[in-house]
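The values are calculated or read from the model by the stated rules, or taken from the named source; none is laboratory data. Owing to the predicted nature of the structure, the values given are computational and were not obtained by experimental measurement. Reconstructed Cβ throughout: ideal geometry from the backbone, glycine too, with neighbour counts over all protein chains shown.
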Amino acid sequence: MARKGMGVVIVAIIFAYGVAFTTTSLPYGKIIFVDDDFTNDPSNHKWNTIQAGIDDAEDGDIIYVFDGNYVESLFINKEIKIIGDGNVVVDGGWDDGVIGVIADNVSIENLKIENGQFGVFVNHNNFTLKNCEVHECENGLFLQGDNASIENCTFYSNIENSVNIIGKNVTLDNCSFHSSTNAIVVEGENISFRKCTVYECDWGIITEYSSDIEIYNGSFYNIENKSVWIKYSNNISISYTAINDTFCGIWLMNVSNSSIIFSMFNLNKIGIKLQNSQINEIRDCNFIGNIGYGIYAENSFNNTIHHNNFIDNGINAYDNGINKWNTSIGNYWHDYDGIDENEDGIGDTPYEIGINKNNDKKPLMNRIEHPPLFVWVSDELTSSTPGWNIDHFDDIQNAVDAVAEGGSIYVYWGSYGGVEINKGINIIAEENTLINSDEDGLLISSDNVTVKNFLISADENGIKIMNSCDVIIEKCNVTQSNFGLYAVNSINCSISNSNFYENIKGICLFNSSKISIFHCRIYNNSYFGVEISHGSVNNQISDCHIENNGNYGVYITQNSNGNKIYHNNFVNNSAYDICDNEWGSTYEHVLGNYWSDYKGEDLYHGKNRDIPGRDGIGDTPYEIEGGEMDAYPLMQEIILSPKRLTPEEIDNKWALICVSANDFPGWDQYQFNITETQPIDGLAWQEFIPNCDFIYYVDFSLETPAGAGPVNISIRTSPNDPSTSIFNCTWQPDAGFYEWTLPININITPGNPYYFVIECSPMDQYNMGGDIAPVNPNGGESNLNTSIPGWNWYFGVYGRLPNMDGFPAQGLQAYYILKANGYRDDHIIFMLWHDNDSNISIYGGHNDLLGPPPKIGGPNEPPEIDYDHNTSLSSGVNNWYELLQYNVNWLASNVGPDDEVLIYLVNHGNYNNTTKKGVFCFEDGSPDLFEDVFDGWIDNISCKRMTILIDTCFSGDFIDAPIDSGFDSGIDDETNRILVSAAGDCVGWYYPLSSEDNWAGSFFFHPFFEKINRGESIRDAYDYACSYVPLGESENVSELQNPQIIDNIGDSSSYTFLPSGEEEYYCITHSYTADGIYIVNLTVIDNEGNTGSYERQINCFKYSSCCRL
């Protein structure tokens, strides 16, 4: 198309274009114009073919090509620049190459190059290709030269290679490659691919015998083979690159000293394959949903793979060489099931990888995110540390600024400056990590902050909590500050297990409420130990040691009312209170304080102090300056247990334990042989001598021909005398094969002979088969000729073996642990189906409870069993199925919205193949309880949280655990529930008998409750029980029965359903002034006024003694 206008105008436009678009040096020659509509005008350097313009040019000239379709092959042998304007198509017509370049310093811009053996062929240096399309060629660009630049170009639909590079110092920037066999083939040095996209090719980038190759910010997807295949090369850098939906993302073969960082591998067959490669690093990458392997390392050594995410890959990693899978930290593995006891964000046990004992010794507990959910701080970290300034810092403040809301920071021991926390996070430090500040040590101005384990000194406040709620300070030491802790306009915070000493004021509460200060030592502060002022209300100080503080240990003023000061030691300091506060609760709760300057006596006991005899409580109140008093001061200094139960904590705990089976069933199995041709008057019988005392049901198989008559099945004491039958059943079968489970439910006498009898006519019409073995040696006689070979058939007697303690013992273990830890009997509904056994032992000789093993009816405190098998049921309740529903409804009527409920179900369980539901069974013949029915019952209980423990076979199905592919009852949907099952989609196991070496009870829940009894969390107890190897077994419980846990609240790692406290019992102490033998009498009065006493003789030596009562 001809351009209109005068030449001078066109020249002006061209110069403007050149200024706007040229990236190389300004031209030093003339401008030549090409348009396919021109008439050649040599004097004005105007041509209608590009080659004519090239022929007219000299080094340094620009050839400006207007819109058009140019069917020609170009041969460039001069240092020139070709610039296209608009849609400039250079069509080689498949006549060899489209453009051939045999000169240095050639630049081509804004052309569409197509239809040639080579789109562009270059064998010189300093070549530039910019804003071009190269397509429909055998090979797109062949470049053999150095110092080249390919920028903003698209290569597609080229038959072999879109780009082939042999050279040095080549950059490809913001280019796209697709629909070719090979996108890029490279051999050279210092070659960079930046912001390039490769897709829908057989191969992406193939590099061999190369070094210093960079792939940055690339995107590869839908590649049939390898996206990046690098062979026999070194110093390769791949970063910020995404590779998705390919066969293999990156294959390093004989590659060394290279790195792959900050890249994503998603939905590939293999993310990265290492083969015969060494001394490479892979870090800060995501391997997500790769079908085969995240990383596959074959015969590779001394590579470092760390700080990556491995999530939902078929196999996260395989390694048959020897490589490092962690440095100071390892990788995140979505299927890692270890624990992190010290809360440093690193698992306590390795993650196993491949063979040769390869493992990640420091697996991460949290996924690496941006912003990160978990970060680490050490004053020894440097910029060479993996994750530097991402999730690794040398300064706490930088870590706080970087971590995500709700995230966590772990601080290694060192010395750090002050920190301002303005987001909800957790900061956990190694013990006594130092913070020194000339302002505030920690300034907290956000809700939901947790801080642990610091040693803080500051010129202003050690810790300042300002306008915040739900802040937790734990295990901190604060000294040499104005205020050790200053809470201003804050609410619902907790300060525990911390020391505040040698400050001006230890703790100051200013217009703050519901602050709980417990298990703290507050001493040697120059002005006050604790000040509560300016309208600070409803705070609590308990279990603290307050000593040697100037003026007052606790000072309360300025309308600060409703505060509770319970069960503390005041040593060499007193208190001041002009407000209305509570100092010690009631006489029955024994929560007064110890005052070292108390002058009263302890001669009487009882609420009115009118009964002779000491009770450890002063007979007269302790007067507190300002007008308050401690009505029931303690006579002895408290040796503090970590936590006392408050009346509120006792009142809000409820439990329902349902043990609906007494003894364990057992199998007696017998096998018959009969033939198809052995008629015996239609009667076949087999003697059996049982071990059990009750038959639940009989299993047998029978194949019936067409037209067969009825079958009569009986159990007799004489085989040929129908009158001795103790069970009869007549059945008219259709033709076919039957596997029968026939309910029997009769009592029998162990050791007596019985006969299983089948009558039909004639006998040879029936084939009876089965293959259950071994045959019980008590099988006894038969009227069948067992020497004649023929059909085998079996029957199995499923009966109750007497004196089995497993189920009741397990229920008792749970009951006694709840009782020992503060649950009241009026808050425990205990349903224990048992046959008045007088010696059901929880532990045998393996005793973990305090004191001897409890026994029903034994000399120790008997359990308060609300319902046993003889209990008269309430009106309208006909069986234990309805009784359990009745008790759930009772909980629903009595439990409050702030209460916590534990439900523990123990018995047989099953999975119903028809309904696909989990089932809980009852001993008394009640209907089976299906998971959805139970969920409907407990949905009526409105409470703060509910812990559900199911101790049956197939209990994972009952709680809708992830292993349950059947019916979804919704029992696991409520956000206030934690659910734990003893088994998955399989049977669970018990020890039915206790012995001197072992206990009776559940393989899973017995060790689970042992850990609960030690104050450990539900998650810790679950993990321990899963890893427990029962006596006589070679596998742990997880391998045997696959227990399950569902935590909808998210705190099972810290929560236990026991009342708060880290000790298993109360610690009561008394000091003696001389050696000798003493009679110790302990009297306890409970909340209802009931009294219990215990007396014991002890020997005291060296003025001190301790006995556990």
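Taking strands (runs of 3 or more DSSP E) that fall entirely within the range 459-552, which contain at least 2 residues that are of a type outside the set (Ser, Thr, Tyr)? Give the derivation first.
Working: elements: 461-466, 471-474, 477-479, 483-488, 494-496, 499-501, 505-510, 516-518, 521-523, 528-533, 540-542, 545-547.
Counting at least 2 such residues, we get 461-466, 471-474, 477-479, 483-488, 499-501, 505-510, 516-518, 521-523, 528-533, 540-542, 545-547.
Restricting attention to the range 971-990 and to residues that are within 16 Å of ASP951 (Cβ to Cβ) and in contact with a strand residue (DSSP E or B) (Cβ under 6 Å, 6 or more places away or on another chain), the residue that is modelled with the lowest pLDDT turns out to be TYR990.
Look at (1) in contact with a Gly (Cβ under 7 Å, 6 or more places away or on another chain); (2) modelled with pLDDT of 90 or more; (3) not acidic (Asp, Glu) and you find that SER1038 fails only one, number (1). Scanning the range 190-211 for residues that are surrounded by fewer than 17 Cβ atoms within 10 Å (Cβ to Cβ) and closer than 17 Å to LEU143 by Cβ yields ARG194, GLU208, TYR209.
Of the strands (runs of 3 or more DSSP E) lying entirely inside the range 113-176, those containing at least 3 residues that are surrounded by fewer than 20 Cβ atoms within 10 Å (Cβ to Cβ) and of a type outside the set (A, V, I, L, M, F, W, C) span 161-173. For the criterion of being among the small types (Gly, Ala, Ser), outside any strand (DSSP E or B) and within 18 Å of ILE546 (Cα to Cα), GLY592 passes. Only one of the numbered conditions (1) at pLDDT below 60; (2) in contact with a Pro (Cβ under 8 Å, 6 or more places away or on another chain) is violated by ALA1000, and that is (1).
Those residues that are more than 19 Å from the chain's Cα centre (by Cα) and not in a strand (DSSP E or B), I need them from the range 285-313; list them, please.
Correct list: CYS285, ASN290, ILE291, GLY292, ASN299, SER300.
Screening the candidates LEU443, LEU455 for the property of being closer than 21 Å to LEU381 by Cα and either outside the structural domain of ILE504 (by TED's automatic domain parsing) or assigned to a strand (DSSP E or B) (or both) yields one hit, LEU455. Would you confirm, using the coordinates I've provided, whether ILE206 is under 22 Å from GLN117 (Cα atoms) and out of contact with any Ser or Thr (no Cβ under 9 Å at 6 or more places or on another chain)? So ILE206 passes the test. Scan the range 357-373 and tell me whether some residue there is surrounded by fewer than 16 Cβ atoms within 10 Å (Cβ to Cβ), without any contact (Cβ under 8 Å) to a residue 12 or more places away in the chain and either out of contact with any Lys or Arg (no Cβ under 6 Å at 6 or more places or on another chain) or small (Gly, Ala, Ser) (or both). Scanning the range 357-373, I find at least one residue that is surrounded by fewer than 16 Cβ atoms within 10 Å (Cβ to Cβ), without any contact (Cβ under 8 Å) to a residue 12 or more places away in the chain and either out of contact with any Lys or Arg (no Cβ under 6 Å at 6 or more places or on another chain) or small (Gly, Ala, Ser) (or both), so the answer is yes. Residues that are touching a strand residue (DSSP E or B) at 6+ places or on another chain (Cβ under 8 Å) and either within 26 Å of SER526 (Cα to Cα) or buried (at least 20 other Cβ atoms within 10 Å of the Cβ) (or both) within the range 598-614 comprise just one, TYR598.
Annotation: of all residues in the range 803-835 being in a loop (DSSP other than H, G, I, E, B) and within 17 Å of ALA1000 (Cα to Cα), the one that is modelled with the lowest pLDDT is ASN803. Selection over the range 293-315 of residues that are under 17 Å from THR246 (Cα atoms) and touching a residue at least 24 places away in the same chain (Cβ under 8 Å) gives a count of 7. Exactly one of these conditions fails for LYS78: (1) in contact with a strand residue (DSSP E or B) (Cβ under 9 Å, 6 or more places away or on another chain); (2) free of Cβ contacts under 8 Å to residues at least 40 places away in the same chain. Give me its number. That leaves (1) as the condition not met.
Can you tell me which of ASN561, ASN539, ASN569, ASN489 is out of contact with any strand residue (DSSP E or B) (no Cβ under 9 Å at 6 or more places or on another chain) and either over 21 Å from TRP595 (Cα atoms) or buried (at least 21 other Cβ atoms within 10 Å of the Cβ) (or both)?
On the way: ASN539 fails: out of contact with any strand residue (DSSP E or B) (no Cβ under 9 Å at 6 or more places or on another chain); ASN569 fails: out of contact with any strand residue (DSSP E or B) (no Cβ under 9 Å at 6 or more places or on another chain); ASN489 fails: out of contact with any strand residue (DSSP E or B) (no Cβ under 9 Å at 6 or more places or on another chain).
Answer to the check: ASN561.
Hey, any hits in the range 1009-1021 for a residue that's touching a strand residue (DSSP E or B) at 6+ places or on another chain (Cβ under 8 Å) and either buried (at least 22 other Cβ atoms within 10 Å of the Cβ) or within 22 Å of TYR823 (Cβ to Cβ) (or both)? For the range 1009-1021, residues touching a strand residue (DSSP E or B) at 6+ places or on another chain (Cβ under 8 Å) and either buried (at least 22 other Cβ atoms within 10 Å of the Cβ) or within 22 Å of TYR823 (Cβ to Cβ) (or both): present.
Every condition in (1) in contact (Cβ under 8 Å) with a residue 24 or more places away in the chain; (2) in contact with a Ser or Thr (Cβ under 9 Å, 6 or more places away or on another chain); (3) of a type outside the set (Phe, Trp, Tyr) holds for GLY936 except the one numbered (1).
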